[in-house]
Amino acid sequence: QVSEPRKPCVKISKVHQNPNFTQEIFKTGLSGWYYRVLEGKKIHAHSKIELIEKNPINLSVLELNHLFYNPHQALKQNPSLLEKLSKLDTLISQNWHETIQKRLKNTYNLDYMQNL
C-alpha cells in the first residue's frame, strides 16, 4: 500500500551530476513513493505487483507532491485537496499529514529545499 510520496534528497543530483535534478523533481512532483507492508510475504526482483484495491478518494502522489512543494498554489488550483487528504487519514502516514500542516502554516524548515 502506498503510504506517502518520497521527497528527493540531494544525493540524486550528485549521482546524475546535475545540480538542478532534485529541484526539478520537487517542481514537477514526479517522485517515488513509500510502500507500507500489509501482509508479510516474500517478493523477488521480478515479482509481479498487482493493484488489488484503489482508494475511492483518488488522490495521487503527484497531487500530494504539489501540495508539499507549493501548498497554497496547489489549493488554489484544487480547493478540495485538504478535504481529500483528511479522508485518507489511515492511508497516508501521520508524518506526511504533519508535514503538510507545517507547510500550510509556514513552519516547515525549508532549508532542505533551499540547499538543493
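Backbone N atoms of segment 74-105 closer than 16 Å to the 7 Å Cα→Cβ label point of Asn55 belong to residues 80-101. Net length available on complete extension from Lys14 to Thr90 is 23.9 nm, with 0.36 nm assigned per residue and the Cα-Cα distance removed. Of the residues Cys9, Trp96, Val37, the one whose Cα sits farthest toward the positive end of the charge dipole of the chain, with +1 on the Cβ of Lys and Arg and -1 on the Cβ of Asp and Glu, is Cys9. When the Cα atoms of segment 2-114 are aligned to their principal axes, the ranges along those axes come out at 40, 39, 21 Å in descending order.
Charged side chains reduced to their Cβ positions (Lys and Arg at +1, Asp and Glu at -1) give segment 2-114 a dipole of some 200 debye around its Cα centre. Within the shell of other residues whose beta carbon sits under 9 angstrom from the beta carbon of Phe68, the net charge comes to +2, with Lys and Arg scored +1 and Asp and Glu -1.
Sequence-distant contacts, meaning Cα pairs under 8 Å at least 6 residues apart, place the relative contact order of the chain at 31 percent. For Leu82, Leu59, Leu110, Leu30, the sequence from fewest to most other C-beta atoms within 10 Å is Leu110, Leu30, Leu82, Leu59.
Since every read-out is calculated from the coordinates, none of them should be taken as a lab result. Please read these numbers as outputs of a predicted model, since none were measured by experiment. Ideal geometry is used to build each Cβ from the backbone, glycine not excepted, and the neighbour counts take in all protein chains shown.
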